[in-house]
């Protein structure tokens, strides 16, 4: 009877030791995965920052292009008016 209880206890202890080893291995794997994911997140954040800066520059350039287009139209209207006056003089 005592041998049987001792055997069951030994089996439980060995099973617990095996489970602890499994959990330690899983923990190591998860830590490595977490580290890799943290690096990926940092890389993606840097990429988002870079894209946002590029977007800001593109918006700024689009605003400048719009301003230049408005000036071009104004100049075209003035030149057209001047040409009309010149033609009227002839």
**Prompt:** In nanometres, what is the gap between the two model label sites at residue 71 and residue 21, each 7 Å from Cα along Cα-to-Cβ?
**Reply:** 7.7
**Fill in**
Longest principal axis of the chain (C-alpha) makes with the long axis of helix 2-89 (C-alpha) an angle, in degrees to the nearest 10, of 0
**Message:** Starting from the 7 Å offset along Cα-to-Cβ, what nm value, one decimal, do you get for the label separation of residue 4 and residue 88?
**Reply:** 12.2
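Give me the number: length gained by fully extending residue 63 to residue 39, i.e. 0.36 nm times residue separation minus the C-alpha to C-alpha distance, one decimal in nm.
Working: separation 24, 0.36 × 24 = 8.64 nm, distance 3.62 nm.
Between residue 63 and residue 39, full extension yields an extra 5.0 nm.
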**Sum of -39500 (n - 2.57) over DSSP H runs of 4+, divided by residues of the chain (222 nm, nearest 500)** = -37500 deg cm²/dmol
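None of the figures in this text is laboratory data; all of them are computed from the coordinates on show. This structure is a prediction, so every number in the text was calculated from the model and none was measured. Don't worry about glycine lacking a Cβ; one is built from the backbone with ideal geometry, like all the others, and counts go over all protein chains shown.
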